[in-house]
Amino acid sequence: MARGMKMSGIIKIVITGGPCGGKSTAMSRIQTHFTDLGYRVLFISETATELIKGGVAPWTCRSNADYQRCQISLQIEKERIFEQAAKTMADEKILIVCDRGVIDNKAYMEQSEFYRVLDELHENEVELRDNYDAVFHLVTAAKGAEEFYTTSNNTARTETPEQAARLDDKIISVWTGHPHLRVIDNNTDFEGKLRKLLTEITSFLGEPEPYETERKFLIEYPDTAYLSSLENCRRIEIIQTYLKSDDGSEVRVRQRGSDGHYIYFKTVKRRLSGLKCIEIEERLSKDEYLALLMEADTTKRQIRKDRYCLTFMNQYFEIDVYPFWNDKAIAEIELTNENSEIVFPEYVRVIKEVTDDLSFKNSALASLAL
């Protein structure tokens, strides 16, 4: 589930998107806006542009795989150096902003090629994708603002509008599965698009409070084979354990990932209303996660579920399929505005909304696993 957050220390986000999506202008706005909010803002420039302008490109290397190996290696090292430097800074709040992330490279490679390069670098997709706290995708102007699409402001950009639109879809696809993905479309003018981006980032950071606004729906049991076949959908395995709490807050730890690769979180959640709650989340090491399992609430069992992360019409749905149901499932979507319109794909059949129904909370469903 995606959520608003407020964490102390260092937060690393990705600004990505299709060609001519507005990233360059967005970076300047992010610098001003979040500096004013008290953040030390650090920028990691786009690695592909650096390399191509320096003469290292897919067409100058022996193969695209050779080039991408160089780009992935450099991106990982740049992020490591920035994080190392950030840890030496005295600022209470540090925001590292990456102009594209490592997983962007997958959109420019054959899938087999991508995984071969990761194997050679001893990396895995889950940890590389989920190494960022949040991902914000700016949709290319070639989708909905075609008159503003241009390649003149970036010599490394060569795509036609049609190629840009297809590449935009691929980039959204490769990031689908991340816990905190937001897609910023062209439904407003460019100024409105930038304001929406800043609002989404601000909401994620939890300024001034880490509010989460979500809606939850009971749906018919989905065709999971069909979902798995979609380019815009990823299956994630989740194990969720509730911990003892003395103050009425809901405290849980979660293992999240796939194919034997996982990341770990601790979440503290306090509900303010049916739609809105305060939620604070922190990343855990595997050892920290295992230690916290000793504090499990013994009145509840672990929840195990398959989560299908689905991007559809610039919305990000999370469909949870539980082993104890074979006729229904839960679909959730996080919103920055409680009144935002939700458009479901035709293959997701809604039975009813259950946002305010406490019996469909995960903590309540945990009792069904007993």
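With R₀ fixed at 22 Å, the C-beta to C-beta distance from Y221 to D169 puts the FRET efficiency at about 0.20. Using the Karplus relation 6.51 cos²θ - 1.76 cosθ + 1.60 with θ = phi - 60°, the per-residue 3J(HN,Hα) values for the range 223-239 come to 7, 5, 5, 5, 4, 5, 7, 7, 5, 9, 9, 9, 8, 10, 8, 10, 10 Hz, with x marking Gly and Pro. Here the Karplus relation 6.51 cos²θ - 1.76 cosθ + 1.60, evaluated at θ = phi - 60°, turns the backbone of the range 135-146 into coupling constants of 10, 10, 9, 9, 5, 4, 4, 5, 10, x, 9, 4 Hz, with x for every Gly and Pro.
The stretch between D356 and R235, if pulled fully straight at 0.36 nm per residue, gains 40.9 nm over its current Cα-Cα span. Based on DSSP, what percent of beta bridges with both residues in the chain are antiparallel, to the nearest 5? That works out to approximately 70 percent antiparallel.
Using only Cα positions of the range 62-153, each an equal point scatterer, no hydration layer, compute I(q)/I(0) via Debye at q = 0.22, 0.24, 0.25 Å⁻¹ and quote the log10 values to two decimals. So the normalised log intensities are -1.14, -1.22, -1.26.
About its Cα centre, the chain has a charge dipole of approximately 420 debye under the convention of +1 per Lys or Arg Cβ and -1 per Asp or Glu Cβ, with nothing else charged. In terms of the mean number of neighbouring beta-carbon atoms within 10 Å, the peptides 310-317, 117-124, 171-178 order highest first as 171-178, 310-317, 117-124.
Compared with the dominant Cα axis of the chain, that is its longest principal axis, helix 64-86 is turned about 70°. Of the residues K170, K352, ranked by 1.4 Å probe accessible area with the largest first, the sequence reads K352, K170.
Axis angle, to the nearest 10 degrees, between helix 190-205 and the longest C-alpha principal axis of the chain: 50 degrees.
Only Cα pairs under 8 Å and 6+ residues apart enter the sum, and on that basis the relative contact order of the chain stands at 20 percent.
Among F190, L167, G206, which residue has its Cα furthest toward the positive end of the charge dipole of the chain, with +1 on Lys/Arg Cβ and -1 on Asp/Glu Cβ? Checked the options; the winner is G206. Of the trypsin sites (Lys or Arg not before Pro) found in the range 40-132, the ones in coil according to DSSP and having at most 11 other Cβ atoms within 10 Å of their Cβ are R62, K87. Seen against the Cα atoms of the chain and their longest principal axis, helix 161-175 is set at about 40 degrees. The Cα center of the range 317-370 and the Cα center of the range 230-303 differ in position by 17 Å.
For the chain, the 222 nm mean residue ellipticity estimated from helices alone, with every DSSP H stretch of n ≥ 4 adding -39500 (n - 2.57) and the total spread over all residues, rounds to -9000 deg cm²/dmol.
Between the entries (i) 147; (ii) 281; (iii) 189, the label attached to volume of the Cα convex hull per residue in Å³ calculated for this structure is (i). Estimated at 0.36 nm per residue, the fully extended path between F148 and T202 surpasses their Cα-Cα distance by 16.8 nm. Database remark: amide H of G206 closer than 5 angstrom to the amide H of M5 (H placed geometrically; neighbours at sequence offset of 5 or more, or on other chains; Pro and chain starts carry no H). Approximating the spin labels as points 7 Å out from Cα along Cα→Cβ, the Y115-to-D287 distance works out to 3.2 nm. Under 5 Å between amide hydrogens, built in the peptide plane, is the criterion, and for G17 it picks out L138 among residues at least 5 positions away or on other chains. Among T60, T150, T202, the residue with the largest mean-square fluctuation in a Gaussian network model of the chain, with springs joining Cα atoms closer than 10 Å, is T60. The share of accessible area on the range 5-49 that comes from carbon and sulfur is 51 percent, using a 1.4 angstrom probe. Note that the range 33-47 has calculated 3J(HN,Hα) couplings of 5, 8, 5, 4, 8, x, 8, 7, 9, 10, 10, 10, 5, 5, 5 Hz, one per residue in order, obtained from phi through the Karplus relation 6.51 cos²θ - 1.76 cosθ + 1.60 (θ = phi - 60°); glycine and proline are x.
Comparing M313, L292, T241 along the charge dipole axis of the range 238-318, the residue lying farthest to the positive side is M313, per the Cβ-charge model.
Put simply, the amide H of T355, placed in the peptide plane, has neighbours under 5 Å in K216, leaving out anything fewer than 5 places away on its chain.
The values are calculated or read from the model by the stated rules, or taken from the named source; none is laboratory data. For clarity, every value in this text was computed on a predicted model and none was experimentally measured. Positions of Cβ are generated from backbone atoms using ideal geometry, with glycine treated the same way; all protein chains shown enter the neighbour counts. Accessible surface areas use protein heavy atoms only, side chains included; no ligands, DNA or RNA. Shrake-Rupley method; radii C 1.70, N 1.55, O 1.52, S 1.80 Å.
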